[in-house]
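The values are calculated or read from the model by the stated rules, or taken from the named source; none is laboratory data. Since we're looking at a predicted model, the values are computed, not measured. Cβ: placed from backbone, ideal geometry, glycine included. Neighbour counts: every protein chain shown.
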Amino acid sequence: MRELYLIRHATPAVQPNVPAPDWPLSDRGIDEARTLAATAMRWGLQALYASGEPKAQSTALVIGEELGLPVNVVEGLQETRMDWWIANSDEFGETVQQILEQPELSLRGAERAGAAAARFATAIAIIGQGAFPAAVVTHGRVLTSWLTEAFAVEDPFALWRSIPMPGWTRIDLDDIRPDALPPFRGENDS
C-alpha cells in the first residue's frame, strides 16, 4: 500500500496585478496551513512534495516544519495554466467548468485539462518511487483534472467545487479504481 495524501493549498493572497502562479499565502492561509499541519501529524508522513508555486510551496513548508520533513518540489504539480485574470466569480466558475468538462479544449489559450492531467500523472509516477506515506501539496484544477481521469469522475466541476482550500484526501496509489475516490476534507477534519 502506497498511501498518498493529496492536498489543495491554503488560501492565497489574491493579487489581481500579479500572475496567479506567483501569489503567496494570505495571513489566513498561513493559519490554515498550521491547522492542517496539526492534522498531518497523525498521518505518519515519510515524504512531502509540492508544486513550485508559492501558495503550494508555502503550505507544504508550514506542514514540513511542523513534521520535520523537507519539501521536495516536483515539476508537473503546478496549477493548470490560465493566462488571464477573471474577477467575476461566476465567470471564473463557468470558465473552469468548461475547461474541466472538455479536457481537450484550450479555452482562450488556457492549458488543456487533459494535458495538465498527463503532466500531473508523470509527477505522481516520480513520487510513486519514493517513501510512503507521502503528501503532495498542489492546486485545485490540476488535481481535479488528474483525479477525473484516474478515478473516472463523472462530474469534474462538482469535484473541483467540493475541494476546500486547504483540503485533503488520502488515496492508495496501488488501488485506484473508478468511483472509489474518498471525499476531500478541510484543514480541521482529522
Looking for something more than 18 Å from Pro156 (Cα to Cα) and β-branched (Val, Ile, Thr) - is there at least one such residue anywhere in the stretch 2-13? yes
Residues of the stretch 100-112 being at pLDDT 90 or above and outside any loop (DSSP other than H, G, I, E, B), in sequence order, are Leu100, Glu101
Checked Glu66, Glu94 against criteria (surrounded by fewer than 22 Cβ atoms within 10 Å (Cβ to Cβ) and touching a Lys or Arg at 6+ places or on another chain (Cβ under 9 Å)); the one match is Glu66
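Does Arg177 satisfy the criteria of being closer than 24 Å to Ala10 by Cβ and free of Cβ contacts under 8 Å to residues at least 40 places away in the same chain?
On the way: closer than 24 Å to Ala10 by Cβ: no; free of Cβ contacts under 8 Å to residues at least 40 places away in the same chain: yes.
Spelling it out, it is not the case that Arg177 is closer than 24 Å to Ala10 by Cβ and free of Cβ contacts under 8 Å to residues at least 40 places away in the same chain.
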Scan the stretch 99-109 and tell me whether some residue there is crowded, with 16+ Cβ neighbours inside 10 Å, under 13 Å from Ile7 (Cβ atoms) and either touching a helix residue (DSSP H, G or I) at 6+ places or on another chain (Cβ under 7 Å) or in contact (Cβ under 8 Å) with a residue 24 or more places away in the chain (or both). no
Only one of (1) within 21 Å of Leu181 (Cα to Cα); (2) in contact with a Gly (Cβ under 7 Å, 6 or more places away or on another chain); (3) free of Cβ contacts under 8 Å to residues at least 60 places away in the same chain is not met by Pro133, so which one is it? (3)
Just to be sure before I move on: is Thr35 buried (at least 18 other Cβ atoms within 10 Å of the Cβ) and either in contact (Cβ under 8 Å) with a residue 24 or more places away in the chain or at positive phi (or both) in the structure I sent? no
If I ask for residues that are polar (S, T, N, Q), outside any loop (DSSP other than H, G, I, E, B) and closer than 20 Å to Ala115 by Cα, which ones from the stretch 65-97 would you list? Thr95, Gln97
Can you report the number of residues in the stretch 12-26 which are in contact with a Ser or Thr (Cβ under 9 Å, 6 or more places away or on another chain) and exposed (fewer than 13 other Cβ atoms within 10 Å of the Cβ)? 1
Give just the number: which of (1) within 22 Å of Arg170 (Cβ to Cβ); (2) outside any loop (DSSP other than H, G, I, E, B); (3) out of contact with any Ser or Thr (no Cβ under 8 Å at 6 or more places or on another chain) does Leu45 not satisfy? (2)
One residue is enough: does the stretch 78-87 have a residue meeting the conditions crowded, with 20+ Cβ neighbours inside 10 Å, under 15 Å from the mean Cα position of the chain (by Cα), under 17 Å from Ile124 (Cα atoms) and of a type outside the set (Asp, Glu)? yes
What number of residues within the stretch 37-59 satisfy the criterion of being under 19 Å from Thr144 (Cβ atoms) and either small (Gly, Ala, Ser) or over 14 Å from the mean Cα position of the chain (by Cα) (or both)? 3
